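Participant: Pasting a structure below so you can have a look.
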Amino acid sequence: MPIVLGVGAGIAAYKACELLRLLTESGHDVRVVPTADALRFVGAPTWEALSGHPVTASPWDGAHEVAHVQLGQRAELVLVAPATADLLARAAAGLAPDLLGNVLLTAGCPVVYAPAMHTEMWQHPATQASVATLRSRGAIVLEPASGRLTGPDTGPGRLPEPAELFRAALRVLARGAAGLAADLAGRRVVVSAGGTREEIDPVRFIGNWSSGRQGYALAATAAARGAQVTLVAANTELADPAGARVVRVTSAGQLREAVLRAAADADAIVMAAAVADYRPAARSDTKIKRAEGAPAPIELAENPDILRELCRPPRRDGQVIVGFAAETGNLIENGRAKLAAKGCDLLVVNQVGGGLAFGAEDNAAEILAAGGGRTSVPRGPKEALADVIWDLVAARLG
Ligand code: CTP
């Protein structure tokens, strides 16, 4: 199902080109519906080239396709960026002088407006009344950003950056209006991600296949839900998630130090990292040579169990701690035993193998709760699992 990108007649229309690119490059089919005056800022050829579809502002073009009804009916999301004061007023009044007005009246999917205008226009009671009306009908009207406007003046009214609008669109696609809820605002959370490496000598290490994707998805979704996020990342090659403070570590010892430091004033901790249970008892400063016939030269020492240490009293009042467990069989039985042994509040149990967990885009899990609850999360994007984990954490935080 396509996304409709509505474009109002504001200078910020040029930023919608970048938003369009982000949407199409991530595999979305986007139909651009500008207003007639928006085409004075950015012309139809630009929108057509970037979207790969014909573009018109008029409901009279291609009337045989009944676009004025079908576009709205078929859309998965309507995103209007920039939404001008005039466009918001017309939408609130239910006017449909152009194709976009018709789309807005026929859309059954979530509709998101990203307003952009001068501060006076944004603060005008007429505009605020339009916004209130649209919101009361279930539309999502984002707050404009503050900053430099078209002229030399500054204030609220700027269109949020395309990357931010893109993230908001993805969250609404995944979860509807609830995707933009800031239910973790004011909360400090710590997420560990990736896999630790224990050095054997200058060229070798003991490691694991964790890509860090699940931990990064947890950090990104927590930040999108308003949390202040510290991401302790062990040996990952992913782009920093927006809004998270990233602390890079290599070994289990370093991960332990970074997590314990951040945990001191955290409301929630999620240990998604794959931590090595053992490390070489001593790291050799020179490359270890093969000594044929001799016993293997690496002796192992046990690493501390960080999750268990975090769960041990004294624990910060109300702190919620989540562990992960990668299992190859007996998911629930092993998971229950591990949950009890570690002493955490929630344990996310993954089945390893079959294209799931390590390195994969998708994940499926059973989330076990201390006290007996169980939530099954079917196979889906790691962000979806992350959101369910934060739902359960948010419920425990109250
Ligand atoms: N973990 C940890 N410190 C360790 C090992 C694991 O904090 N030294 C955390 C992981 O981040 C994860 C959870 O403990 O959240 C479960 O890890 P897992 O390796 O599955 O558990 P183990 O206790 O090592 O059990 P197993 O015998 O299955 O390896």
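The values are calculated or read from the model by the stated rules, or taken from the named source; none is laboratory data. The structure presented is a predicted model; accordingly, all values stated were derived computationally and were not measured. Glycine gets a Cβ as well: all are built from the backbone with ideal geometry, and neighbour counts include every protein chain shown. The accessibility values were calculated without ligands, DNA or RNA, using every heavy atom of the protein model including side chains. Shrake-Rupley method; radii C 1.70, N 1.55, O 1.52, S 1.80 Å.
Participant: Select from segment 303-318 the residues that are surrounded by fewer than 20 Cβ atoms within 10 Å (Cβ to Cβ) and more than 8 Å from the ligand (Cβ to nearest atom) and write down the one among them that is nearest to I200 (Cα to Cα).
Facilitator: Applying the filter and picking the extreme gives R312.
Participant: Further question: Restricting to segment 358-384, name every residue that is in contact (Cβ under 8 Å) with a residue 40 or more places away in the chain and within 16 Å of the ligand (Cβ to nearest atom).
Facilitator: Selection gives F358, N363, K382.
Participant: Here are some residues: A266, A272. Which one is within 16 Å of the ligand (Cβ to nearest atom), under 21 Å from A384 (Cβ atoms) and touching a residue at least 40 places away in the same chain (Cβ under 8 Å)?
Facilitator: Matching residue, one of A266, A272: A272.
Participant: Consider I288 carefully, then state whether it is surrounded by 14 or more Cβ atoms within 10 Å (Cβ to Cβ) and either within 11 Å of the ligand (Cβ to nearest atom) or under 20 Å from Q228 (Cβ atoms) (or both).
Facilitator: The answer is no for I288.
Participant: Failed condition for G155, given (1) in contact with a helix residue (DSSP H, G or I) (Cβ under 8 Å, 6 or more places away or on another chain); (2) assigned to a loop (DSSP other than H, G, I, E, B); (3) open to solvent by less than 40 Å² (accessible area, probe 1.4 Å), with all others met?
Facilitator: (2)
Participant: Here's another thing I want to ask about it. If you take the residues of segment 230-274 that are out of contact with any Ser or Thr (no Cβ under 6 Å at 6 or more places or on another chain) and of a type in the set (K, R), which of them is farthest from R312 (Cα to Cα)?
Facilitator: Checked segment 230-274; the qualifying residue farthest from R312 (Cα to Cα) is R248.
Participant: Sticking with this structure for a sec: Sort out which residues of segment 187-208 are open to solvent by less than 50 Å² (accessible area, probe 1.4 Å) and either within 13 Å of the ligand (Cβ to nearest atom) or under 16 Å from G253 (Cα atoms) (or both), and write them in order of number.
Facilitator: The first filter runs over segment 187-208 and keeps only residues open to solvent by less than 50 Å² (accessible area, probe 1.4 Å), leaving 189-196, 198, 200-201, 207.
Answer for segment 187-208, where residues must be open to solvent by less than 50 Å² (accessible area, probe 1.4 Å) and either within 13 Å of the ligand (Cβ to nearest atom) or under 16 Å from G253 (Cα atoms) (or both): V190, V191, S192, A193, G194, G195, T196, E198, I200, G207.
Participant: So which of V275, V247, V322 ends up being buried (at least 17 other Cβ atoms within 10 Å of the Cβ), at pLDDT 95 or above, more than 17 Å from R197 (Cα to Cα) and not hydroxyl-bearing (S, T, Y)?
Facilitator: Only one candidate qualifies: V322.
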